[in-house]
Amino acid sequence: MDADLLDLALTHRSFAYENGQIPTNERLEFLGDSVLGAIVTEHLYRTYPDLAEGQLAKLRAKVVSAVSLAGVARKLGIGRLVKLGRGEISTGGANKTSILADTMEALIGATYLSSGPTGAERLVHHLFVPLIDHAATLGAGLDWKTSLQEVAAALGLPATVYQVTESGPDHDKRFDAWAVLGERRFGPGHGQNKKQAEQQAAATAFKALDAERRARDAEASEQDA
């Protein structure tokens, strides 16, 4: 990869602000986000010809999420390479999901500009195809909130409302969430952001309600026999 592009991809805005407003990795991040999405989308389309559009969209969302991107960045040790301002360094910026995810996208964008579409495709396939293969096995766990909506509708339950609380300092927030369906409350789910906590709460609710649905369906089958 071109050395200047690599340096730019690793330059967070907090570092740029403290060093005379030099260029940041945000434009590369914008490009990398589109490149990653296009490559993953094509791979899903070609690899899973029997999946409907909705399922393909869930798979793509799972794979290109900030959590997935940050996970890849952590495995590669990207955090220690990112150029951060003093404030971000002091609050653990090198391990923040948002910063790692953005930097990973910037690196993909830099690869695209430096090595062309073929180079970017090789990089994305190498890093993300294992995540795609794993996501394809998750079933309901691919998106617990959507799965919960589906099982709740099947049981005639009201729409889910999420109750979320947060605690801790700004640089180390903790979120707790409960999934509430009418008078029933499931949780708590925990996470470093609201979405993670809600997904965990939804998982708890789905597993309980899906067991009820299966028991109901089994009973109905016995009665019909």
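Observations
- Residue in the stretch 189-202 that is more than 21 Å from the chain's Cα centre (by Cα) and in a strand (DSSP E or B) present: no
- Which listed residue is out of contact with any Asp or Glu (no Cβ under 7 Å at 6 or more places or on another chain) and either not charged (D, E, K, R) or not assigned by TED's automatic domain parsing to the domain that holds Thr91 (or both), from Gly156, Gly189: Gly156
- Residue, modelled with the highest pLDDT, within the stretch 121-174, restricted to residues that are over 17 Å from the mean Cα position of the chain (by Cα) and acidic (Asp, Glu): Glu121
- Only residues that are touching a residue at least 12 places away in the same chain (Cβ under 8 Å), of a type in the set (Phe, Trp, Tyr) and over 30 Å from Gly93 (Cα atoms) were counted across the stretch 14-56, and they come to 1.
- In the set (1) over 19 Å from Ala208 (Cβ atoms); (2) touching a residue at least 24 places away in the same chain (Cβ under 8 Å); (3) in a helix (DSSP H, G or I), the condition left unmet by Val164 is number (3).
- Filtered by the rule that a residue be outside any helix (DSSP H, G or I) and either more than 29 Å from Leu51 (Cα to Cα) or out of contact with any helix residue (DSSP H, G or I) (no Cβ under 7 Å at 6 or more places or on another chain) (or both), the stretch 133-158 gives Thr137, Leu138, Gly156, Leu157, Pro158.
- Matching residues in the stretch 10-40 - criterion: being touching a helix residue (DSSP H, G or I) at 6+ places or on another chain (Cβ under 6 Å) and among the β-branched types (Val, Ile, Thr): Ile22, Thr24, Val35, Ile39, Val40
- Leading residue by the ranking (nearest to Leu155 (Cα to Cα)) among those in the stretch 177-186 that are in a strand (DSSP E or B) and touching a residue at least 24 places away in the same chain (Cβ under 8 Å): Leu181
- Within the stretch 68-111, the residues that satisfy the criterion of being small (Gly, Ala, Ser) and touching an Asp or Glu at 6+ places or on another chain (Cβ under 7 Å) are Gly85, Ala106, Gly109.
- Restricting Glu105, Glu150, Glu53 to those that are assigned by TED's automatic domain parsing to the domain that holds Glu26, out of contact with any Gly (no Cβ under 7 Å at 6 or more places or on another chain) and among the acidic types (Asp, Glu) reduces the list to Glu53.
- Residue satisfying all of: in the stretch 176-225; surrounded by fewer than 17 Cβ atoms within 10 Å (Cβ to Cβ) and of a type in the set (A, V, I, L, M, F, W, C); nearest to Val161 (Cα to Cα) among these: Ala208
The values are calculated or read from the model by the stated rules, or taken from the named source; none is laboratory data. Note that this is a predicted model, so its numbers are computed, not measured. Ideal geometry is used to build each Cβ from the backbone, glycine not excepted, and the neighbour counts take in all protein chains shown.
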